[in-house]
Structures are given as structure tokens and as C-alpha cells.
1. Send over the per residue convex hull volume for region 197-241, Cα only, as a whole number of Å³.
2. Would you mind ranking 53, 157, 150 by Cβ crowding within 10 Å, fewest neighbours first?
3. Could you give P(r) for region 65-121, binned at 5 Å from zero, as whole percent values over all Cα-Cα pairs?
4. In nm, what is the difference between 0.36 nm times the number of residues separating residue 201 and residue 93 and their Cα-Cα distance?
5. Sort 233, 186 so the one with the fewest other Cβ atoms within 10 Å of its own Cβ comes first.
6. Quick one: what does P(r) look like for region 97-241 with 5 Å bins over all Cα pairs, in whole %?
7. Rounded to the nearest whole Å³, what is the per residue volume of the convex hull around the Cα atoms of region 101-152?
8. Just need the relative contact order of region 197-241 here, percent rounded to a whole number, with Cα pairs under 8 Å and 6+ apart.
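What follows draws every value from the coordinates through simple rules; no lab data is involved. Note that the structure is predicted; figures quoted are calculated from it, not measured. Neighbour counts are summed over all protein chains in view; Cβ atoms, including those assigned to glycine, are modelled from backbone coordinates with ideal geometry.
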């Protein structure tokens, strides 16, 4: 547990993080960010260039309150947006027309989103991810399940894909934000292993000592390891062995 910070300390933490972010991205602290401009344009049904676009690059399209754990301490109730299209950019809104991109070097963990939107979503950095053969440019992993021995992590990426012309506006291209998902298994030594959601791949990734017990549990519980919820159920059992 991390103690809540006093209001003055919260301001200092955010101010320090904002200064780092401002220096990193090279823009002033006033005025809308590029991400906010894109959001406004997409709300009108367009992006730059006049393309008709559906979907959003943001995990949650609206600003939502969350918590940020920085290298300087925990900041509760910050207004956040998480951009899945720009290498995992985390934006903090200081005022209605004033937001900053927080430096990934300063942020260890954050959560955002409310239950009505499927949240809260928790994201964390794992130093062992740097050892992946194809290291992601996004340092944050969405925590689906994490215990001492093992865990299940997810990375979601959204790309803007051109789908041709819009039926109603034939002269304008039609774009859609499409999402791809990658899963990783956290091993007992904290290394991360890319994994497919299938029984064969999961059993091969876990300790062979427990293969028989896990196979029996899968059959008894009628688990479908192609489903995230059933895989989490199996990993919870695995951590008891």
C-alpha cells in the first residue's frame, strides 16, 4: 500500500512530472495537445485530411479519473487519457484546455476508467520486458492477472486503417481504428513470454512438473483456454500448486 499524498505534495508530484513531460515533448504547457485536436476532429466524424473515421485511438475516449504511481509517489484522482496509437502515450489534463503527455520514464503504474466503461484498467511497467526478442515500443502492459509466481499481461494497439470511400461521402476516404492484442505470461523469475491463448501453448509455457494436475483441472472445470477468463482461472489454480 502506498500512502495518499497531501494536496500540496500531490501538486508537487504532478508539477514535477509535467515539467519532465514538457521538456520531453517540446511544447508549452498551455493550449490543447495534438491528441486533443485529433479527439475534437474525430468527434465531428473527421480526421485531418477530411477522412470519415470511426472509432478512437484512446482506450477510453473521454477523460476519466485514475491513479498514477510515479517515481516521486502516488497521485490519486488525476484526469487521464491513454492513447493506444502513439506508443502508449499517457495524457494528464490539468485544465479543460490544458493537458500534457506524461513521461514514461516517470510513470511506473497507472489506472483509469470506471466500471461502466469496463474498467478500471491497470497498466504497469515490467523491466523484464526489455529482454523480449521483439521488445514493444510501448513500455506499459495491461495487468489482467498478476500473482507471485505467474501473471497474464496484455498489450493492445490501435492502428488507423483505410477502408475505402464512405458510401455517403464518396469523395472522402473512410478510416477505422482497428485493435490488435498480444498476450504475455509472466514467469516465476519475472521474465515475460509471448503466448497464444490455447491449451497447448499455455501448458508448454508452465512448469512441466504440474502438467498432469493442470490438465486434470482443465477437464474438471471445462476450461477453454482460448478465453482470457478461463486462462486466469487456471493461473489462479496454478499458483496454489
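1. On the way: hull volume 2.7 nm³, N = 45.
Dividing the Cα hull volume of region 197-241 by its residues yields 61 Å³.
2. Values: 53 25, 157 17, 150 21.
Listing 53, 157, 150 from fewest to most nearby Cβ atoms yields 157, 150, 53.
3. 5, 19, 28, 29, 16, 4, 0
4. Details: separation 108, 0.36 × 108 = 38.88 nm, distance 4.13 nm.
Net length gain for the segment: 34.7 nm.
5. Working: 233 17, 186 24.
Ordered from fewest to most neighbouring Cβ atoms within 10 Å, 233, 186 come out as 233, 186.
6. For region 97-241, the pair-distance distribution reads 2, 8, 15, 17, 16, 13, 11, 8, 5, 3, 2, 1, 0.
7. Details: hull volume 5.7 nm³, N = 52.
Expressed per residue, the convex hull around the Cα atoms of region 101-152 is 109 Å³.
8. Numbers: 26 pairs, mean separation 20.3, N = 45.
For region 197-241, the relative contact order is 45 percent.
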